[in-house]
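The values are calculated or read from the model by the stated rules, or taken from the named source; none is laboratory data. Just so it is clear, the model here is predicted, and its values are computed rather than measured. Ideal geometry is used to build each Cβ from the backbone, glycine not excepted, and the neighbour counts take in all protein chains shown.
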Amino acid sequence: MTAEVHQHSDRAIIERSRRDPEEFAALYDRHAPAIHRYLARRLGRDLADDLMAETFLHAFRQRDRYDPERLNALPWLYGIATNLIHRHRRREVRFWRAVARTGADPAAHSADEGVPDRVAAEGVRPRLADALSRLDRGQRDVLLLTASGDLSPAEIGAALGIATGTVHSRLSRARAKMRAALGGIDPLDLREERHDG
């Protein structure tokens, strides 16, 4: 890796922010949109604004403990955001049930933003939301982090503090449950078709 690439890595930004706290803003600018989309997908836009700020505040306060082996801070930030989501588990389930009932997704903003828009066609949204609300927390975390398209299984494991094998097994179980709920349709396959087409 060249010195220039390292200089612009998340790790380098965090290292510089230890001496100059204002440097941390570059990390926010780089990753805030992805973290906000993820939070909005899980809890709706209203709470996403607050939790995104809380995610980055927590990351800023914990920057001295950031693992210097990681060049990319996105898995770390997703892990913080997921832990904050867990405080609002009931609200997340209510959110998905409301989408299932109404078919309207108040968190969706555009066709390329948000998990249901990325993983399923419009007509599948109510069944998708209902199925998501029925997944256990660990399976929902892994499935939605996978559907975000930003993280590898190893990065998801790092974000959630679980082994990569656990990520694979949770994802396999979640996909099986989702296929059953969606009449054999794999929502991750829909995502791939939609992005290819």
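Miscellaneous remarks
- Among the residues making up region 67-92, those that are surrounded by fewer than 19 Cβ atoms within 10 Å (Cβ to Cβ) and not in a helix (DSSP H, G or I) are Asp67, Pro68, Glu69, Arg70, Leu71, Asn72, Arg87, His88.
- Check on Ala176, under 25 Å from Glu54 (Cβ atoms) and either at pLDDT below 90 or surrounded by fewer than 16 Cβ atoms within 10 Å (Cβ to Cβ) (or both): no
- Residue count, region 14-59 (criterion: in contact (Cβ under 8 Å) with a residue 24 or more places away in the chain, in a helix (DSSP H, G or I) and either surrounded by fewer than 16 Cβ atoms within 10 Å (Cβ to Cβ) or not polar (S, T, N, Q) (or both)): 27
- Some residue of region 144-151 being among the polar types (S, T, N, Q), at pLDDT 95 or above and in a helix (DSSP H, G or I): no
- Residues located in region 49-94, provided they are more than 13 Å from the chain's Cα centre (by Cα) and aromatic (Phe, Trp, Tyr): Phe56, Phe60, Tyr66
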